[in-house]
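So the structure is just underneath, and the comments pick up after that.
The values are calculated or read from the model by the stated rules, or taken from the named source; none is laboratory data. Because the structure is a prediction, the values reported are computed rather than measured. Virtual Cβ from ideal backbone geometry, glycine too; neighbours counted across all protein chains shown. Heavy atoms of the whole protein, side chains included, go into the accessibility calculation; ligands, DNA and RNA do not. Shrake-Rupley method; radii C 1.70, N 1.55, O 1.52, S 1.80 Å.
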Amino acid sequence: MEVCNSTSGNGFILVGILDDSGFPELLCATITALYFLALTSNGLLLLVITMDARLHVPMYLLLWQLSLMDLLLTSVITPKAVIDFLTKDNTISFGGCALQMFLELTLGSAEDLLLAFMAYDRYVAICHPLNYMILMSHKVCWLMIATSWTLASLSALGYNIYTMQYPFCKSRQIRHLFCEIPPLLKLACADTSRYELMVYVMGVTLLIPPLAAILASYSLILFTVLHMPSNEGRKKALVTCSSHLTVVGMWYGGAMVMYVLPSSFHSPKQDNISSVFYTIFTPALNPLIYSLRNKEVTGALRRVLGKRLLSVQSTF
């Protein structure tokens, strides 16, 4: 084990899943492909919702924010991991590690809250359609978005500052794909037991209440949908909600393993897989789930791409 006296001066070495894998080249190619898929699909969704005025409603404004968060989150993690593997240089400065952890915590926490607000939006749309524009006005929608970003940023800032104030003198090697609280605390040469409890409480606070709100919303939605007289309306509601629940399951599954599961059940390999799942895999699939199963989005995509194609043809 490499011991250092001043990690803040030397930085850290990220030893993640690419270094521990039996087929690192194949895994690197897969992660790179998922990143480009996330860039393309989220970028297209952002473009379509921005360009098509018909999608300027609360549901799609929240989806726009989800795509933005996913795009930023995977961009904070994936490019560095791939470049480090290709250049065989896994070092990251103390400041770079702090910045990466702050951004990951902010974007991850904001998405936790946003998914709960999206579930509430679907609950109002299906269970109280006549009051939808009152309960989910644009003002309420932007308040939800601002709340997600503000609470997430403040929480991330506090935990980031507290984590980085520890003296890290056991080793420079972080056995993780990126800088994250649990693996970083293993390098501290001070008692972190009380702080680890605080991190656990943070995980429970930011994950369990939103997840409970999501499950409650969709339980009420399911009850309402089953009593709908129209088969077409029932099918449309079930398709929309099932896509949302797929996203929720993928996101919260990985995040809860990382931050809610007791530390005694953690292992570097398990933590790496969980983190890859919700920072790389999920952002690539989210827009595909929403766009492929949503007629409004696919229709808007055809309209936007059709206009672009016509404008290109007219120049020749």
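Show the residue pairs that are 6+ apart or on different chains and have beta-carbon atoms under 7 Å apart, the first residue being within the stretch 265-279 and under 14 Å from Ser21 (Cβ atoms), the second being surrounded by fewer than 16 Cβ atoms within 10 Å (Cβ to Cβ) and of a type outside the set (S, T, N, Q). Pairs found: Lys269/Asp20. For the stretch 45-61, the criterion of a residue being closer than 23 Å to Gly203 by Cβ and either without any contact (Cβ under 8 Å) to a residue 40 or more places away in the chain or buried (at least 21 other Cβ atoms within 10 Å of the Cβ) (or both) is satisfied by no position. Cβ-Cβ distances below 8 Å connect the following pairs, each with a first residue in the stretch 183-212 that is touching a residue at least 40 places away in the same chain (Cβ under 8 Å), a second residue that is among the acidic types (Asp, Glu), and a separation of six or more residues or different chains: Pro183/Asp271; Leu206/Asp112; Leu207/Asp112; Pro210/Asp112.
For Phe178, work out the one condition from (1) open to solvent by 30 Å² or more (accessible area, probe 1.4 Å); (2) under 25 Å from Thr78 (Cβ atoms) it doesn't fulfil. Going through (1) open to solvent by 30 Å² or more (accessible area, probe 1.4 Å); (2) under 25 Å from Thr78 (Cβ atoms) one by one, Phe178 breaks only (1). Hey, does the stretch 192-200 have a residue that's surrounded by fewer than 17 Cβ atoms within 10 Å (Cβ to Cβ), among the aliphatic types (A, V, I, L, M) and either touching a Phe, Trp or Tyr at 6+ places or on another chain (Cβ under 6 Å) or on the phi < 0 side of the Ramachandran plot (or both)? Taking every residue of the stretch 192-200 in turn, at least one turns out to be surrounded by fewer than 17 Cβ atoms within 10 Å (Cβ to Cβ), among the aliphatic types (A, V, I, L, M) and either touching a Phe, Trp or Tyr at 6+ places or on another chain (Cβ under 6 Å) or on the phi < 0 side of the Ramachandran plot (or both). Of note, Ile17 satisfies the criterion of being β-branched (Val, Ile, Thr) and more than 21 Å from Phe117 (Cβ to Cβ). Counting only residues that are in contact (Cβ under 8 Å) with a residue 40 or more places away in the chain and more than 20 Å from the chain's Cα centre (by Cα), how many does the stretch 133-166 have? Residues flagged as in contact (Cβ under 8 Å) with a residue 40 or more places away in the chain and more than 20 Å from the chain's Cα centre (by Cα) within the stretch 133-166 amount to 6. Restricting to the stretch 280-306, name every residue that is in contact (Cβ under 8 Å) with a residue 12 or more places away in the chain and of a type in the set (Val, Ile, Thr). Across the stretch 280-306, the qualifying residues are Ile280, Thr282, Ile289, Val297, Val304. As a summary of the residue check, Ser263 satisfies the conditions (1) at pLDDT below 80; (2) open to solvent by 30 Å² or more (accessible area, probe 1.4 Å); (3) within 18 Å of the chain's Cα centre (by Cα) except for the one numbered (3).
Would it be correct to say that Leu114 is open to solvent by 30 Å² or more (accessible area, probe 1.4 Å) and not hydroxyl-bearing (Ser, Thr, Tyr)? No, not satisfied. In this structure, does Asn10 turn out to be within 29 Å of Pro167 (Cβ to Cβ), polar (S, T, N, Q), in contact (Cβ under 8 Å) with a residue 40 or more places away in the chain and surrounded by fewer than 16 Cβ atoms within 10 Å (Cβ to Cβ)? Against the criterion (within 29 Å of Pro167 (Cβ to Cβ), polar (S, T, N, Q), in contact (Cβ under 8 Å) with a residue 40 or more places away in the chain and surrounded by fewer than 16 Cβ atoms within 10 Å (Cβ to Cβ)), Asn10 qualifies.
Of the residues making up the stretch 275-290, those that are surrounded by fewer than 21 Cβ atoms within 10 Å (Cβ to Cβ) and farther than 14 Å from Thr74 by Cα are Leu288, Ile289.
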